[in-house]
Amino acid sequence: AAAWTLSYRPTGSQAPMWDVDETTQMWSSDADSMWDPDPDFVPWPGELADLLHQEYEFRVNTSSGVKQGAISGFIAVLDVEDIEERFEDVVVPIGGIRLPITKPFRKIVKVDYSVQFDGGNAVGFQTLDKNSTLGPLMKAIDGATPPAYTSGFGDFIVRGY
């Protein structure tokens with residue numbers, strides 16, 4: 001097609017269908033629809049900020065003409081802003097430590113580290129989990145085969161979105 005427009009709308013509601021008071025019925029005696037109607041399509045602004053966990057519908061309109069418009073390809077790139085949080089000079093006890101994240105991670109993708117020499121025998125760190133609410137759980141490891149947990153000292157960079 002020679003010209004086209006893209007529009008979108010969120011679908012569904014974030015509100016629960018029922019009331020938190022379990023004695024309240026989820027339906028009423030009026031003639032209203034059980035579900036709210038979906039909002040109107042609006043022009044695509046180029047990007048969406050502050051996305052909610054819900055479905056979005058997209059609509060492509062092609063220009064009118066003698067020949068019917070056709071879409072031969074459509075690629076949606078879904079990305080959120082990357083988040084990075086740094087922790088320097090962290091003492092990691094033998095039982096491990098959760099890095100005290102303060103940024104609003106949706107998902108932690110990776111934890112980079114550098115070991116600092118503190119007279120101990122730590123040669124690296126293991127990421128035991130990447131909990132985006134509590135912070136990633138880190139433990140120091142020594143150079144033995146197989147490695148054993150030990151205490152350590154280092155810098156960390158938590159990366160995610």
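A few comments on the model shown:
- Computed about the Cα centre, the dipole magnitude for region 22-102 is approximately 440 debye when only Lys and Arg (+1) and Asp and Glu (-1) carry charge, each at its Cβ.
- The chain, relative contact order [Cα under 8 Å, separation at least 6], %: 24
- Option label - P(r) over Cα pairs in 10 Å bins from 0, in percent computed here, alternatives [x] 10, 34, 25, 17, 11, 2, 0; [y] 9, 29, 33, 24, 5, 0; [z] 8, 22, 18, 17, 17, 13, 5, 1: [z]
- Inter-label distance for D89 and V77, nm, one decimal - labels placed 7 Å from Cα along Cα-to-Cβ: 4.1
- Amide H within-cut-off set for Q116, under 5 Å, with H built and near neighbours excluded: F153, G154, D155
- Ranked by how many other Cβ atoms sit within 10 Å of their own Cβ, fewest first, the residues E47, E84 fall in the order E47, E84.
- Cβ charges +1 (Lys, Arg) and -1 (Asp, Glu), total dipole of the chain, debye: 720
- Projected label distance in nm at L128 and R9, using a 7 Å step from Cα toward the beta-carbon: 5.0
- Separation of alpha-carbon centers, region 46-112 and region 130-152, rounded to whole Å: 28
- Selection among L52, A70, S114 by position relative to the dipole of region 22-116 gives S114 as farthest towards the positive end (Cβ unit charges, Cα centre).
- Phi-based couplings in Hz for region 62-78 (Karplus 6.51, -1.76, 1.60; Gly and Pro marked x): 9, 5, 7, x, 5, 9, 5, x, 9, 9, 9, x, 8, 10, 9, 9, 9
- Total lysine pairs whose alpha carbons fall under 22 Å of each other in the chain (8 or more apart, or interchain): 7
- Residues V66, V158, arranged from fewest to most other Cβ atoms within 10 angstrom of their Cβ, appear as V66, V158.
The numbers here are math on the coordinates, done by the rules we state, and not lab data. Given the structure is predicted, the values throughout are model-derived calculations rather than measurements. Neighbour counts are summed over all protein chains in view; Cβ atoms, including those assigned to glycine, are modelled from backbone coordinates with ideal geometry.
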